[in-house]
Amino acid sequence: MPPPSPTGEPKRRRLLSLPAVYPCEGISPAPLLSSLLSLAADLASRGTDAGAFPVLRRGVRQAVRIAGLLLAFLEEVEDAAVTTAAAALPSSAVLGLTELHVAMQKLRFLLTDCARRGARLWVLVNAGLAASELRVVLGSVAAALDALPKSVVDASVEAGELARLVSEQAWRVSVRPDAGDERAARSVRSILEQFKAGVSPDAEDARRVLEHIGVSTWSECSEEIAFLEDELQTRTADGAGEDSSSGSSDAVLINSLMAFLVYCRVVLFDEIDANAKAAADVGVRPAARCPDWIRPEALQCPITLDLMTDPVTVSTGQTYDRASITRWIKAGCRTCPVTGERLRSADVVPNAALRGIIERMLLSNGVSLPGAGASSSSAAGHRHGALGNNTGAPFGPAADGAARLAVAYIVAQLSTGSTAERRKATSEARKLCKHSAFYRLRLVEANAVPWMLCLLSSTDAWVQDNAVASLLSLSKHPRGRAALFEAGGVGLVVDVINVGARTEARQNAAAVLFYLSSSAEHAEEIGRIPEAVPTLVQLVRDGAGRGRKNAMVSLYGLLQCASNHGKAVSAGAVAALAGLLSSADRGDDLAVDAVALLARLAEQPAGAQAVLARPGLVARVVEALATSASRSGKDHCVALLVSLCRHGGEKVVALLGRMPGLMSSLYTLVADGGPQTCKRARALLNLIHRHYEMDGQPPPAPASSEAGERIVRVL
């Protein structure tokens, strides 16, 4: 079996590697024979679909024919063992049957790889290796038959003839790539050389390669790309124990083949076929396209309701996405979110079966599972690693040349194409730059940003959605942000937040502002647009879900510029955030974000005065400090209270001193909080103590008797 990974999960079997499980010691011949019959029957049935093996057709046909002859031989042996007691299999047959069983397992792995959808281009360029493996496996079959006792081989006249025929053909068979395979492989190498020189290959040459491997649609091309992404990530995850030079060479080749397929998908296919439209429109949840025998909700995390990418099972038997259940447990919640039962342990167990179902579903739609092939600890690092971007693997000159040519074609379609061409071009741009910094940079260099901005006003909702999503990905790159500002695109993005045709477009436009406000200088420039801050405040107040979340983080970024604080206050930010704090549960992310924004607003006098003027808001913040399960939420609450004291003076300090439960919460944070929270809690305690000392009154005692019994030094 494949060796376990450091996380305890079995490693993914690499394509054209043929591990096998040896039968246990002391096994009797009868179960071995039964298992061999099942294996041989499976292999003999592989030849019924002629189109399943686009590469090594002749060699596969020979292997399937030999498997059929072997099946007939094993059936004769079984019949003889059943009808004649004297012909029962001797124990000396175990060695030969064991070797035959191992060889047949390897043959099944090999034929499965040669027929695997999505791996056809990789099998083509490795046709020589696949042919060599097939010759070795067939030789092992012949050697295993030669090791069988004569009493087994000659169990009947037919059995003896079949055994000799199988052995002779397995030894004599000559397996090599077909002439068509060699021509197609040469064409691939020639096209890669043209890419290195920056020359567009003949479209018919590329089309003939795709026809040879049976790729005829946009979705099938995407499926090939998704497989290569997964293969690259698997090799990168396992690369520490391999020869660095060979690993680097393989990575360059895989990236070159991916870029070749991207070029083919962009240039050769005029439209996205109907079966792939749902996969291309990433706004549709993959969970809605799961197999018929799986309920869609079974693939969604019960906490986030998003598709699980790393499903794990807790002690109650419920399955969640690893990231969401980890946050739940770290927040101090020790119950199962679904059942309400107390978790006996914080340990989680990977749900490999469910992950496999999700992975196959995504690969069938041309999407690579985030973190595929990597350990769970590094999954987050690969989450945006599509097209080999974040794997650290070199692209090479062929991949670079292909990427530049594909991007140039996309930009030409964006600028002068018809509506249908623009729909496909924006879809391609969205798909390419969503996960890959490499393609983001190529799109920026090709001057795609101004054309994307022009398409924000498109009356076609599909085009607008894809243009906004592409700009969101491009805004994650420093040069992409610079290009957006240079093109004067911030106002256009704000307009989409207000009047976007679809909810997803408005949500993504709000997220664009977050990345654009990454520096105080840019935040100030965005704030000069009259509608920017009020639009975000309105989305915080009236939006929902991801749109509201994006608006809050974008507003937080803009508030790093002091001049934007007054604009946010004038737009009603404090009232909107107070409403969220009242309606949200104390421990959820929405409440934490609301307090964080209030703390940022209170850093300036205008914001602090607006918070103090809101009836009951300070009391709700003190209550949130006492009840929040989030460490960051407590820190934001304390930061907000410190800012209120700094700008509100002794009246605010006196008010806080009279708040029930506040002193108890502050003493607890001094003792148990993080360094920053502890420092702020100590400062607030000192302010309250100093105020009562100056008035000659005793400081208020903690309300909790437990807290009162603790001695905490705050000086």
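Couple of notes before you dig in:
- Wholly enclosed helices (runs of 4 or more DSSP H) of the stretch 124-203 bearing at least 2 residues polar (S, T, N, Q) and within 23 Å of Cys264 (Cβ to Cβ): 179-196
- Those residues of the stretch 537-562 which are of a type in the set (Lys, Arg) and under 28 Å from the mean Cα position of the chain (by Cα), in sequence order: Arg546, Arg548, Lys549
- Boolean, Leu405 is within 16 Å of Asp460 (Cα to Cα), aliphatic (A, V, I, L, M) and assigned to a helix (DSSP H, G or I): no
- Matching residues in the stretch 508-559 - criterion: being surrounded by 18 or more Cβ atoms within 10 Å (Cβ to Cβ) and not in a helix (DSSP H, G or I): Ser517, Gly543, Leu559
Residue by residue, here is whether (1) closer than 19 Å to Val553 by Cα; (2) modelled with pLDDT of 85 or more; (3) not β-branched (Val, Ile, Thr) holds:
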position	(1), (2), (3)
Leu601	yes, yes, yes
Ala610	no, yes, yes
Ala613	no, yes, yes
Thr627	no, no, no
Arg631	yes, no, yes
Ala639	yes, yes, yes
Lys679	no, yes, yes
His689	no, no, yes
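- Test: Glu486 is more than 22 Å from Glu271 (Cα to Cα), of a type outside the set (A, V, I, L, M, F, W, C) and surrounded by fewer than 24 Cβ atoms within 10 Å (Cβ to Cβ): yes
- Residue under evaluation Arg186, criteria (1) farther than 17 Å from Gly401 by Cβ; (2) surrounded by 14 or more Cβ atoms within 10 Å (Cβ to Cβ), criterion not met: (2)
- Screening the stretch 437-471 for residues that are among the hydroxyl-bearing types (Ser, Thr, Tyr) and surrounded by 24 or more Cβ atoms within 10 Å (Cβ to Cβ) and picking the one that is farthest from Gly491 (Cα to Cα) gives Tyr439.
The values are calculated or read from the model by the stated rules, or taken from the named source; none is laboratory data. Given the structure is predicted, the values throughout are model-derived calculations rather than measurements. We place every Cβ from the backbone using ideal geometry, glycine too, and count neighbours over all the protein chains shown.
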